[in-house]
Amino acid sequence: VLCIAKEFAAGKIQNYIALFQQRFLKDQYLFINELEGVIRQMYQAGDVDQVRGLEGAAAKKIYHRLNNFIDDDAFFLQKRDRRSPDRMNSLLNFGYYLLFSRINATVRAVGLNPYLGFLHSPQDNYESLVCDIEELFRARIDRFIIRLINLKVVKRDDFIETERGLYLKKDAVKKFIDQFEAEMEKKSPKDTLSLK
């Protein structure tokens, strides 16, 4: 379990390293080196909780750094917030939900037990294996969302403000889903979206 948990966590961080290598920014190599150090620490970890702690701490730093790639400051990420989302969190929540649903259906279709996870605890009452696999694709979803923002496919006025936060308007939801499905159809690594 520990060995596989390490692979999921390290794979997630490695995919973010690839994302950050796409655009040269001042001091970016220092952050990439830091993430590579986190991966080394993960492989030396003695238990799954330690791996989770390293992954969680790295994720916080990663989300903060995503602002460097976003052209419109209305989408800048202050912190990761699932409960009362701003524009960027709203898009991340929706993108991750669509990804989770797709992985969940695939895991069940091939006959795997979605509740038997490694990095995420199978003791919890949710599809922990699906959550494990989802980690490997978060960087791709982040890249996809940043591209939609920078190309102005999704704009700041595509959101409606509610008591629970900002959410996409109905027509923007359809546009986002269409773009998401097109992104998911891409098979080759060279077909994946760049940040601009």
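The values are calculated or read from the model by the stated rules, or taken from the named source; none is laboratory data. Not measured: the values here are computed from a predicted model. Cβ placement follows ideal geometry from the backbone for every residue including glycine, while neighbour counts extend to all protein chains displayed. Just the protein is used for accessible areas: all its heavy atoms, side chains included, with ligands, DNA and RNA removed. Shrake-Rupley method; radii C 1.70, N 1.55, O 1.52, S 1.80 Å.
For this structure, a couple of remarks:
- Accessible area of Glu36 in the full protein assembly, 1.4 Å probe (Å², nearest 10): 70
- Nearest-0.05 FRET efficiency for Gln78 and Ala57, computed from C-beta distance (R0 25 Å): 0.90
- Kirkwood Rh, Cα atoms: Rg over Rh of the range 44-136: 1.02
- Whole-Å distance, taken between Cα centres, linking the range 167-183 and the range 138-157: 11
- Sorting the segments 129-137, 55-63, 154-162 by their residues' average number of neighbouring beta-carbon atoms within 10 angstrom, most packed first, yields 129-137, 55-63, 154-162.
- Computed over protein heavy atoms with a 1.4 Å probe, the carbon and sulfur contribution to the accessible area of the chain reaches 53%.
- Karplus-derived 3J(HN,Hα), 6.51/-1.76/1.60, for each residue of the range 54-62, Hz, glycine and proline x: 5, 5, x, 5, 5, 4, 4, 5, 4
- Cα-centred dipole magnitude for the chain, charges only on beta-carbon of K, R (+1) and D, E (-1), debye, nearest 20: 440
- Under Karplus coefficients 6.51, -1.76 and 1.60, residue-wise ³J(HN,Hα) of the range 134-140 in Hz, glycine/proline x: 4, 4, 5, 10, 4, 4, 5
- Theoretical ellipticity at 222 nm over the chain - DSSP helices of four or more residues, -39500 (n - 2.57) apiece, nearest 500: -19500 deg cm²/dmol
- Of the Cα atoms belonging to the chain, the radius of gyration and Dmax stand at 16.9, 48 Å.
- Note on the range 66-105: Cα-only Rg and Dmax are 11.6, 35 Å.
- Relative contact order of the range 1-156, taken over Cα pairs closer than 8 Å and 6 or more residues apart, is 28 percent.
- Distance from the C-alpha centroid of the range 1-53 to that of the range 97-123: 22 Å, rounded to the whole angstrom.
- Over the chain, accessible surface divided per residue gives 55 Å², non-protein components excluded, 1.4 Å probe.
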